[in-house]
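The values are calculated or read from the model by the stated rules, or taken from the named source; none is laboratory data. Keep in mind the model is a prediction, meaning the values are calculated, not measured. Heads up, the Cβs are rebuilt from the backbone with ideal geometry, glycines too, and the neighbour counts pull from every protein chain shown. Ligands, DNA and RNA are stripped out before the accessible areas are found, and what is left, the full protein with its side chains, is counted by its heavy atoms. Shrake-Rupley method; radii C 1.70, N 1.55, O 1.52, S 1.80 Å.
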Number of protein chains: 2
Amino acid sequence: MKARVHVMLKDGVLDPQGEAVRHALGALGFSGVEGVRQGKVIELDLADGTSEAEIGEMCEKLLANTVIESYRIELL
Amino acid sequence: MKARVHVMLKDGVLDPQGEAVRHALGALGFSGVEGVRQGKVIELDLADGTSEAEIGEMCEKLLANTVIESYRIELL
């Protein structure tokens, strides 16, 4: 089975990487880019029967820093 | 309007970051993790009426390195 985990910085946490992308898009002539947030997406190839709870544990322990990041699990 | 761009390494391109995550999950006791690929997700807050073609151009010019990365646009 496959699962996808999205990890984004929480609202209110400064995202200098996203800010740099926003600035670079403006410099390239793309107008109307009001905000950019950058995060990670992790695609996991797992043994069949792995529970969503177990994937949540992977996020809590390794994939996301839950102090500043939120995560979302998508089973494919 | 909002759009989300997913950028992943193309199949066949080595992903050392994903490999490190796979190894770390194994070391933490999660068995059955057969493969991990890590990519980026970029959330764009755009002026209303920005076309998908324009977002594609942003990807080609800045957000993805199309030699080794593929991208997928999702309008929200």
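Below is a table of values for the structure above.
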quantity: Computed helical MRE - 222 nm, chain A, DSSP H runs ≥ 4 contributing -39500 (n - 2.57), nearest 500; calculated: -7000 deg cm²/dmol
quantity: Net +/- balance of residues flanking A:Ser31 in space, Cβ distance below 15 Å, scoring K and R +1, D and E -1; calculated: -3
quantity: Greater than 18 Å apart at Cα, pairs in A:Lys61/B:Lys40; A:Lys40/B:Lys61; B:Lys10/B:Lys40; A:Lys2/B:Lys2; calculated: A:Lys61/B:Lys40; A:Lys40/B:Lys61; A:Lys2/B:Lys2
quantity: Accessible-area ranking of A:Asp11, A:Asp45, largest first, probe 1.4 Å; calculated: A:Asp11, A:Asp45
quantity: Whole-number Å³ per residue for the convex hull built on Cα positions in region A:2-75; calculated: 100 Å³
quantity: Carbon and sulfur %, accessible surface of the protein assembly as shown computed with the full protein complex present, 1.4 Å; calculated: 52 percent
quantity: Region B:2-75, dipole about Cα centre (Lys/Arg Cβ +1, Asp/Glu Cβ -1), debye to the nearest 20; calculated: 280 debye
quantity: Degrees separating the helix B:16-27 axis from the principal Cα axis of chain B, which is the longest one; calculated: 40 degrees
quantity: Where A:Glu74, A:Glu60 fall by accessible area, highest first, once all protein chains stay in place (1.4 Å); calculated: A:Glu60, A:Glu74
quantity: ³J(HN,Hα), Karplus 6.51/-1.76/1.60, whole Hz, each residue of region B:67-76, x for Gly, Pro; calculated: 5, 10, 10, 10, 10, 9, 9, 10, 8, 9
quantity: The protein assembly as shown - Rg (one decimal) and Dmax (whole number), Cα, Å; calculated: 16.3, 48
quantity: Among B:Val7, B:Ser31, B:Ser70 the positive-end extreme of the charge dipole of chain B (Cβ point charges); calculated: B:Ser31
